Amino acid sequence: MTTRRELLKLGLYGSTAMLHLTGLKLDTWALSENKSPKVDPRVTPFQVDLPVPAFKTTVSPATLPGVPLFNDGIPTDYVSFNVQQTLAQILPGKKTLVWGYDGQVPGPSFQARLGRRLVARQQNSLPVNINVHHHGGHTQAASDGSALPEEEIEPGTFRDYIYDNDDDTGGFHWYHDHTLDQTGINVFMGLAGVYILTSDTIDALNLPKGAFDVPLVVQDRAFDANNQLAYNPFDHNGFIGNVFLVNGAVQPKFRVGNGKYRFRILNGSNARFYQISLSTGRPFQIIGSDGGLLKAPIEADQFRIAPGERVEFVVDFSFHTPGPNTHVFLNNTMIQKEGRGPDGVDPTQPFPLMRFDVLDTVTDISTVPPVLETNIPVFNPKESVITRTFEFNRSQGAWQVNGKFFDPTRVDATVKLNTTEIWRLRNGGGGWYHPVHIHRNEFQILDRNGIAPTGAESGLKDVFVLNPGDEIRVISKYTGEKQLGRYVFHCHNIEHEDMRMMGLWEVVK
Amino acid sequence: MKRRIAAFLLVAAAVLGASAFLSAKSTPRKDPYGYFEYRRNAMRSSFPDVVLLTQDNKQKRFYDDLIKDKIVVIQFMFANCDGLCPRTTPNLARVQRELSKRAPGKVTFISITVDPKRDTPQALKQYASHFDVQRGWYFLTGKQEDVDLVRRKMGVYDPEDQKVEHMNVLTIGNEAQGKWLAMESLAKPDDITRTVLRVLGVPKAEWQ
C-alpha cells in the first residue's frame with residue numbers, strides 16, 4: 001500500500017497551461033490520493049439527478065454519403081455519431097474537458113433489435129485516433145473494434161460500423177474505445193456508452209419497461225487541482241479514482257416510485273471492482289448477466305461486478321412508503337486501494353454510489369417472470385474439439401498471455417466455425433486480478449477452480465474474473481457465419497490491456 | 001476587474017484568431033481546447049530535470065535536454081545484465097535503424113542504467129559499442145538517487161519490490177502532445193517501429 005501511495009506522490013505536477021478558448025488555467029496536476037482522502041473533498045453526494053442517456057435516433061442513409069447500403073431484405077437502421085470534445089460539469093460549478101460520443105458522457109444509448117441491422121457512422125472530431133468496440137456484440141470482425149491499429153479512425157475521418165444483431169439472444173451490451181495502447185486514457189476521458197439489444201420475445205416479458213428500465217454506468221475518476229480529469233499513463237497497475245460517477249454524474253439521486261425497476265448496471269471503470277447492495281439490505285432479483293437474460297431470476301442481496309461486466313437486476317421499492325425522507329442507497333462495499341485488485345468486501349464501510357428517492361406512488365403491473373430466457377444456447381463439453389489454455393501473467397513489469405506479448409499481426413488461436421471449444425483461463429500469479437474479456441461471442445463458465453458458477457456468473461458471459469490463483473474453464477460454440485476473421489481477448493483492467501495483456505484469435509470456415 | 005477584462009480580451013483574441021485562421025485555411029481546428037498542452041503540462045513532473053551523464057561523459061538535463069519537445073523511446077538497462085537486456089538493446093537497435101529511414105532525425109533513444117555505480121560513462125560506451133547504435137541514442141548514468149527517481153516517476157518499478165527493474169517496459173512518448181504509452185522492450189522491431197510512428201502522428205497510410 002505504501003508503494004502505491006508513493007507512486008501517487010510522485011504524480012505531483014507544477015506548470016501552467018491554458019485551455020485556449022475557455023480561459024481555464026491548469027497549473028497543477030495532483031492525484032488527490034496524494035493526501036489520501038478516500039473521496040475528493042470537492043464533491044457532495046446526491047446533489048444532481050441521475051442523467052439517463054437518451055436513445056440514439058436513426059437517420060436516413062441519404063444523409064451519410066458513402067455509407068454501405070444493403071439489398072438483402074434485412075431491415076437496416078442508420079445512426080451517426082460525432083465523437084468530440086466538450087466541457088462538462090462534473091464537479092459542482094466547474095468545467096471539465098471530456099471526450100464523448102456526440103460529446104456526451106456516457107454516449108447516447110444504442111437501441112437495437114434482433115433481426116434489424118444497425119449501421120453506425122463514427123465521425124472522429126477528437127485530436128487523437130479512436131477505435132470503437134461493440135462489447136457484447138456478435139459483430140463482423142471489421143466492425144468489432146478489436147484494437148487493431150489499421151482499423152483506427154484518424155482525426156477528421158469516419159468509419160461505418162455494421163452491427164448485424166443476429167445470432168444472439170439479446171442483452172445489455174456497451175460500446176467503448178479500444179485504441180491499441182491508448183484505451184485507458186480514451187475511456188477515462190469519456191468514450192463509453194450503452195448498447196441495448198432487445199427482441200420481440202424479450203419485450204413480451206412483463207419486466208419493468210420504459211422509465212422503469214434504467215441503465216447505470218458506474219465509473220471512478222480523479223480530478224486535478226484545475227478540475228480536469230487526471231490520468232497517469234505511467235500507472236501500469238490499474239487506475240483507481242476517488243470520485244464516483246453513475247451515468248457521468250457524481251453520486252446522483254434518482255426519483256423513483258414505489259414499484260419495480262429494472263436496473264442494468266455496467267462497470268465502466270478502468271480497474272475498480274464494486275460490491276453492489278442496497279442500504280436496506282433487501283434482496284433483489286438478478287435477471288441478467290453480460291450475455292443477456294438468465295434462464296430464471298436469482299434472488300440475491302449483493303453481487304460483485306468487475307470492469308467490463310454487466311448485471312441486470314430488478315429492485316422492488318414497494319416495501320417503502322413514498323415520502324421526502326424515504327431514501328434507499330445503492331452501496332459499494334468493495335474496498336480497493338490499488339489497481340492490482342480488490343482488497344475485499346467490508347459491509348461496515350458502505351459507500352453510496354447513488355440514492356433512490358422513493359417519492360411517487362405508482363401502479364406497478366410489471367412482474368419478474370419465473371422463466372426469463374428460453375433460447376439460451378447450451379454448449380456441450382462432449383462436443384469440444386479442443387481445450388486451449390491461456391495463462392495471464394506478469395513478466396518484468398509487462399503483461400503477457402502464455403508468456404507472449406500481444407502482437408497485432410500474430411494469431412494465437414484459430415477456431416473453426418461451428419465447432420465447440422473449451423478455453424481454460426488461468427491466473428499466472430502475483431496476487432493480481434484479471435477480468436478477462438473475449439470478443440465476438442459469449443461463453444458459459446463450466447467451472448471456476450472445479451466449482452460450478454453461481455449467481456450472474458451462471459448466465460452467458462463475456463468477462464471472466466480471474467481472482468488470484470484461479471483457473472476457469474469456459475465453453476462456447478463458435479457459430480455466426482458473418483463473424484469470420486480476427487478478434488482479440490484481453491484483460492479488461494484497461495491499464496493491463498494497454499500494456500498488451502491481449503491475444504489475437506480468428507474464426508475460419 | 002481589470003484582470004477579468006484582460007482575461008476576456010485574451011479569450012476574445014483567441015476566438016477571433018481562431019476564426020480568422022478558420023476562414024483563411026477553412027480546415028477544422030484540430031485541438032481547440034489545447035488538450036495536447038494540457039496533457040503535456042500534466043505529465044511534466046513525471047520527468048525530473050536531474051543531471052545525467054551520457055556515454056560520452058557529457059552532462060544532460062533529463063527533461064530540458066533529452067525529453068522536452070522530443071519523440072522519445074526510453075528503456076532501463078544495465079551493462080552487466082544477463083537477463084533481458086542483451087536481447088532488448090539489439091532489438092531497439094533494429095528499431096532505430098528502421099526509424100532512421102522512415103523518420104530520420106526525429107526519434108531520440110534513451111537507455112538509462114539502473115546500476116549507475118558500475119555503469120560509468122566509459123562502461124556504457126563500451127556496452128553501446130557492442131550494438132549498432134546510431135546517433136541520437138543516449139546511454140545515461142548518474143547518481144543512484146537521480147536514476148531511481150526517474151525510474152519511479154515513470155512507473156517503471158514493481159509495487160512489491162522496487163528493486164525489480166522492469167527491463168521489459170519500454171516507454172514511448174511525444175512530449176509536446178503529452179502522449180505517452182508503454183509496451184514491451186521485446187516486442188517485434190516492426191511493431192515497436194509502427195508504435196513510435198503512431199505516437200509521432202504519422203498517418204496510418206504511411207505505416208500500414
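Summary table
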read-out	value
Full-stretch length increase - residue A:449, residue A:255 - with 0.36 nm per residue and alpha-carbon distance subtracted	65.6 nm
Test item: A:232-239 mean partner chain Cβ contacts at 10 Å	5
Cα gyration tensor category, rounded, prolate or oblate, for region B:46-207 with a/c compared to 1.5	rounded
Per-residue mean of C-beta atoms belonging to partner chains within 10 Å, peptide B:41-54	4
Kirkwood Rh in Å, taken over region A:227-330 so that all alpha-carbon pairs contribute	15.6 Å
Residues B:88, A:361 arranged by fewest to most Cβ contacts within 10 Å	A:361, B:88
Distance between region A:263-302 and region A:414-446 - C-alpha centres, whole angstrom	22 Å
Among A:314, A:99, A:396 the positive-end extreme of the charge dipole of chain A (Cβ point charges)	A:396
Cβ neighbours within 10 Å from other chains - mean over A:397-410	4
Cβ crowding within 10 Å averaged over residues, with B:172-180, B:61-69 ranked highest first	B:172-180, B:61-69
Modelled FRET efficiency - R0 25 Å, residue B:202 with residue A:167, Cβ distances, 0.05 increments	0.05
Likely footprinting exposure, A:351, A:55, fewest C-beta neighbours within 10 Å first	A:55, A:351
Among A:332-340, A:152-160, the order from most to least packed when residues are scored by Cβ within 10 Å on average	A:332-340, A:152-160
In nm, spacing of pseudo-spin labels at residue B:120 and residue A:387 (7 Å Cα→C-beta vector)	5.9 nm
Computed E for residue A:410/residue A:157 - FRET, C-beta separation, R0 35 angstrom, nearest 0.05	0.80
Per residue, the convex hull volume that the Cα atoms of the protein assembly as shown enclose (Å³)	171 Å³
Any cysteine of the protein assembly as shown lacking a neighbouring Cys Cβ under 4.7 Å - listed by number	A:491
Dipole magnitude of region A:368-453 about its Cα centre (Cβ charges: Lys, Arg +1; Asp, Glu -1), debye to nearest 20	260 debye
Residues listed by number, region A:233-261, amide nitrogen under 13 Å from residue B:31 label point at 7 Å toward C-beta	none
Dimensionless Rg ratio for region A:52-114, taking C-alpha atoms and the 2.2 N^0.38 Å reference	1.46
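Laboratory data are not the source of any read-out in this text; all were calculated from the coordinates shown. Keep in mind that this is a model prediction, so the values were computed, not measured. Note that each Cβ is placed from the backbone with ideal geometry, even for glycine, and that neighbours are counted across all protein chains shown.
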